[in-house]
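Beneath this line is the structure, given in structure tokens, with notes to follow.
The values are calculated or read from the model by the stated rules, or taken from the named source; none is laboratory data. This one's a predicted model, so the numbers in the text were calculated from it and none came from an experiment. Here the Cβ is made from the backbone with ideal geometry for all residues, glycine too, and neighbour counts use every protein chain on show. These area figures cover heavy atoms from the full protein model, side chains too; ligands, DNA and RNA do not enter into them. Shrake-Rupley method; radii C 1.70, N 1.55, O 1.52, S 1.80 Å.
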Amino acid sequence: MSTSTPTRASGRGALWRRKELVMAAILLIVGLVLLIGAQTMDVLGDSAPGPQFVPVIVGVALLVVAVILAIEVLRHAEEERVLPDEGRDISRDLLQDLSDTGTAEFRAVGVADLAEDASPAGSTTTAATSDSAAEPAAEETAKKPVASDLRTTGYVLASLVGFVLILPWAGWVLSAAALFWCVARALGSRRTWIDLGVALLLSSFIQLVFGGLLGLSLPVLLGGAL
Amino acid sequence: MEQIPLLLDGFASALTPYNLLFVLIGAVLGTAVGVLPGLGSSMAVALLLPITFALDPTAAFIMFAGVYFGGLFGDSTAGILLNTPGQSSAIASTFEGHRMARNGRAAVALATAAIGAFIGGLISTTIVVFFSPVLVTMATEFGPAEYFALAVFAFLAISSVVSESVLRGIGALLLGVALALVGIDGPSGTERYSFGIPNLFDGIDIVVVTVGLLALGEVLHAASRIHRDPSSITLPTGGIARIGKQDFSKALPAWLRGSAFGAPFGMIPAGGAEVPTFLAYGTEKRLADRRQDPEFGKSGSIKGLAAPEAAANATAGTALGTLLALGLPTSATAAILLAAFQQYGMQPGPLLFQRSGELVWTLLASLFIGLVVLLLLNMLLAPVWARLLFIPQHYLYAGITVLAMLGVYATSSSYVDLYLLVGLGVLGFLMRRFGMPLAPLMIGVILGPLAETELRRALAVSEGDPSILVSSPITIGVYIVLVGIVVVSVVQHLRHAREDRRQQAA
């Protein structure tokens, strides 16, 4: 958070714009775990190549990819680089060539995924490395780091962890209802009591169908001590 | 033609009221999950897997037959009415499909999609019935080096050729292979990366990976955007899906062309139905240009919708054949089915047809029955499915979260798996956020164990001499095709990069 860029009203720092380093760090850590684990492995049998063979190859490859990715991220901050469409795994270049379609065609699909309302930070249009003039500025801002609503994400994540923590003693019906209620509320539902009803109905229904009809064991309140 | 009596036996055991009930349940659940935005057929199979544990294997696989195709029938509905395809294989059919719906032809579009899915599924399942014995014979020629070559082909095809960024694709692939290393190593019995946690000795369940990355990752991703994005408008269906004689004869050649594109791709481990659906769409577009079709790209062409829809289902059908005959999963859905087979103590591959022949033929027969049921369900009940699109998003995602937790807990009854699930959900969110593709990771998890086992087996046979990996005509052929594809893709990336720069300068 050392310097703020003139192009952004929100004043995000240089490091903030290189958040993708998180991904490089994950690759690095997984690579190191693989390599250290291969060294300290308690190898059984004398097969050759042994169980460390592939982990070492994958570990080294992960370190290489992590370093190259880190260099790329450091050299190009997020705003200067067009991120691939989020959640879309397939190369757009490939698909355009196969189907003879233009970029505008892809823009038209999935408005809800890509479009962005004019949030304050979104209104700054940076020098986009867009590949077509027709590309709406709003879509460009959707790729921006500021677009992520980390508070809502954090709330949902906390609900997930909370659910796993209380499930063993609160039992399925109560914890699942709580999870449903929390997630629905985080995502913008404001009808507290109706939500509660829907949540309890759903979790009880699942308990009946799975526990009753299909005979799967779901945790019950206080391990069934009551 | 020994297949026909075997298939008839399969029909005989599938056509009991009890089994038909499970086809119906599977078809309804599969379509429902497929219609819901953001959920595809792999999620349908993953979330419904625990339900089948309480059933006998035959009923379970009959239900899977309905779920498997049902997800594909459903996912174009969201694309046509809402302009948001359920999964990436439905993007190509959304282009023209949504245009038709906007011009008041939603009922025709839904019918075209449903019949297209039916025809694609029918043709590819027929191919599976008649060609699976050929595949089985072929599979007996395959040694460790050949299987390893196929796995390498799948790895590189999905991570470098098909992905937007080669570096991120390979990174995702390696993460997937790393996840698959957890657990007891089969050949030596060595404990690897399980950190002494007994739950991890068997490795990380494919259901946990799929549900975590795809479902929870999607929920967290939606949470990061839901207060920022405008909601889109759902178009009315205009009654039950129906199609006139004139439209039908217009769409028929496109359905057949689409199936022809889709069927071969299901057998190649190159990552699902995106490539064939776009190939089919592109062909229709070029044909329309030549005939100067006024509808294409304007009011919506029925052919532009029919071809990709048939291609998607044709790919799914033959992918199942490859799984049954070779034991090689070519998509995430196929990988979960593989896990389901293993759960019942069966190993897909050349021996499956001998050891569990009765079940396999019942499964194939149920696929045909499932297709008919799905066609009826989707034609007659189109307005009902469309109602699912009106579920408020917060309820939808809350429901997905609860079902994800249920699916994983019911599979293993383990709290460790639930923590893993949440962790993988966070990983899925981060990858979506930073544009790292998920498909290579899934392929890494799915084929990683196979690649490792076959590589080590090959090297053990040759006593460490790596030349065994390229010593047979099959392996050399696979690698030559792979090199060709990689060269084409590098040229393609460079050309597009240059065009982008030129446009920017202009």
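Values computed for the structure shown
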| quantity | calculated |
| --- | --- |
| With DNA, RNA and ligands ignored, accessible area of B:VAL487 (1.4 Å probe; Å², nearest 10) | 80 Å² |
| Net +/- balance of residues flanking B:VAL108 in space, Cβ distance below 9 Å, scoring K and R +1, D and E -1 | +1 |
| Net charge dipole size for region B:3-471 [Lys, Arg +1 and Asp, Glu -1 on Cβ; Debye, nearest 20] | 1660 debye |
| Charge sum, other residues only, whose C-beta stays under 12 Å from A:VAL58's C-beta, Lys/Arg counted +1 and Asp/Glu -1 | 0 |
| Furthest towards positive pole of dipole, B:VAL402, B:ILE91, B:VAL372, structure part chain B, Cβ charges | B:ILE91 |
| Cut-off 10 Å between beta-carbons: net charge of the residues surrounding B:ALA307, Lys and Arg +1, Asp and Glu -1 | 0 |
| B:HIS493 - accessible surface, heavy atoms, 1.4 Å probe, Å² rounded to 10 | 40 Å² |
| Within 10 Å of each Cβ in B:335-346, the average number of Cβ atoms from other chains | 0 |
| For B:ARG432, solvent-accessible area (1.4 Å; no DNA, RNA or ligand), Å² | 20 Å² |
| Solvent exposure, largest accessible area first (probe 1.4 Å, DNA, RNA and ligands not counted), of B:PHE353, B:PHE64 | B:PHE353, B:PHE64 |
| B:GLU274, B:GLU2, reordered so the largest accessible area comes first (probe 1.4 Å) | B:GLU2, B:GLU274 |
| Listed residues A:ARG18, B:ARG498, A:ARG190 arranged by accessible area, highest first, probe 1.4 Å | A:ARG190, B:ARG498, A:ARG18 |
